[in-house]
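The structure under discussion appears below in the form of structure tokens.
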Amino acid sequence: MAARPAPAAPAQGWAGLLVALALFAAVPVLPPLRALLPVEQTLVLLLPVLAACCVAGWWFAGGASLLIGAAVAAIVAVLAVGRLLPADTRDVARAWGLLGAGVFGLVCVAGTQARSFFPRALATVGLLVLLALVLVTVEGLPFSWLRDRMVGELAGRNAAAVLGVPARMQPVNEWLHLPAEAAEAWAANYVHFLRQLSALAIMLFPSLLALELMAALALGWALYHRLSRTPIGPALAPFHRFTFSGQLLWGVAAGLALALVPTLSPLAPLGVNLVGFFSALFGVRGLAVIVWFTARRHWGVRAALIALLLLALSVAAFTAVELAVGLCLVLGMTDVVVDWRDLRPSAPEPERARPGVQ
């Protein structure tokens with residue numbers, strides 16, 4: 001066991017984290033996210049991660065309270081798996097959540113406390129993918145088995161969402177005085193939107209599993225550092241300062257090569273998922289750039305974003321999503337070269353150097 005470190009300084013405030021936790025926990029009641037994310041009950045991912053962080057904190061500093069916290073989080077996670085998930089997806093979600101938390105805990109214990117979160121999360125995803133491939137090979141499960149189970153799960157979620165559309169939209173229709181034809185057309189477009197999201201999720205569900213786990217890792221890491229004064233690494237930087245090495249662009253390039261080169265067509269699904277995974281990371285980086293600009297009241301950028309939002313609202317729902325995702329992706333990838341957040345440094349924090357990796 002490592003020597004006891006000095007107590008950590010109080011972490012950032014709770015407001016942003018509580019909002020993020022609420023959004024992460026609200027996935028089961030948000031039909032668009034239910035149609036996209038592989039694991040619906042996100043507590044199955046979050047609680048084992050919190051338990052793993054407690055075990056890592058105990059490893060570095062000891063203390064019975066950390067082991068008790070790990071045990072409580074693990075027990076609640078097991079109960080959540082048993083009560084919240086349907087039987088046909090329970091084993092897959094439980095295996096992914098527990099394996100992800102276990103690998104993350106090992107990565108934390110094997111590294112030093114000076115290592116930041118993002119490299120640990122990437123290492124966890126990489127090791128977990130290799131471990132999943134080994135387990136699938138040993139068990140002899142075809143990849144199509146997991147895909148078919150995912151198709152059935154998403155179809156069931158969409159069916160439930162479609163049945164609830166008229167009841168949810170009735171108050172809105174009455175308030176806006178929409179004619180019956182317009183209400184029916186909106187409902188049809190919404191159903192089509194959910195089906196498009198599900199088609200995208202089926203194609204990208206390995207990368208979506210990895211991204212959903214990374215979100216759980218980040219929230220579990222942040223929650224642990226607010227509940228405990230025993231650090232297992234640097235606290236997360238504010239979201240508007242989120243960044244990482246531009247070398248991850250090579251992941252997008254490798255994925256495009258696997259997906260587009262004809263001689264590598266058997267590996268095309270892997271390439272598509274590599275593109276999806278790394279593009280999503282750059283999209284989140286682009287969203288952080290947007291938050292940085294709007295938080296510092298750059299009125300020209302804010303006006304442009306409002307104009308883009310109004311344009312998006314005037315077209316189909318899926319097109320609006322494509323516009324928003326495209327903007328975030330362009331900003332995230334060009335931030336590697338332009339470094340948007342250093343063009344006009346903000347006055348309130350001139351003494352704080354921007355971290356290279358979160």
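The values are calculated or read from the model by the stated rules, or taken from the named source; none is laboratory data. What you are looking at is a predicted structure, and each value in this text was computed from that prediction instead of being measured. Ideal geometry is used to build each Cβ from the backbone, glycine not excepted, and the neighbour counts take in all protein chains shown. We work out accessible area using only protein heavy atoms, side chains counted, and drop any ligands, DNA or RNA first. Shrake-Rupley method; radii C 1.70, N 1.55, O 1.52, S 1.80 Å.
Listed by first and then second residue, the pairs linking a residue in the range 20-34 that is under 16 Å from Ala215 (Cα atoms) to a residue that is of a type in the set (Ser, Thr, Tyr) and crowded, with 16+ Cβ neighbours inside 10 Å, with Cβ atoms under 7 Å apart and 6 or more places separating them unless they lie on different chains, are Phe24/Thr42; Ala25/Thr42; Val27/Thr42.
Being at pLDDT 70 or above, within 18 Å of Ala218 (Cβ to Cβ) and out of contact with any strand residue (DSSP E or B) (no Cβ under 9 Å at 6 or more places or on another chain) is a property that Leu99 has. Exactly one condition in (1) at pLDDT below 80; (2) buried (at least 16 other Cβ atoms within 10 Å of the Cβ) is false for Ala64; which is it? Checking Ala64 against (1) at pLDDT below 80; (2) buried (at least 16 other Cβ atoms within 10 Å of the Cβ), the one that fails is (2). Here the condition is being at pLDDT below 90 and closer than 30 Å to Tyr190 by Cβ; of Ala303, Ala353, it holds for Ala303 alone.
In the set (1) surrounded by 15 or more Cβ atoms within 10 Å (Cβ to Cβ); (2) at pLDDT 70 or above, Val76 fails one condition alone, (2).
Quick grid of which residues meet (1) aliphatic (A, V, I, L, M); (2) open to solvent by 60 Å² or more (accessible area, probe 1.4 Å); (3) assigned to a loop (DSSP other than H, G, I, E, B):
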| position | (1), (2), (3) |
| --- | --- |
| Trp221 | no, no, no |
| His225 | no, no, no |
| Pro234 | no, no, yes |
| Ala237 | yes, no, yes |
| Trp250 | no, yes, no |
| Ala259 | yes, no, no |
| Leu267 | yes, yes, no |
| Val272 | yes, no, no |
| Ser279 | no, no, no |
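Answer with yes or no whether Leu331 is among the hydrophobic types (A, V, I, L, M, F, W, C), open to solvent by 60 Å² or more (accessible area, probe 1.4 Å) and either modelled with pLDDT under 90 or in contact with a Leu (Cβ under 9 Å, 6 or more places away or on another chain) (or both). No: the conditions fail for Leu331.
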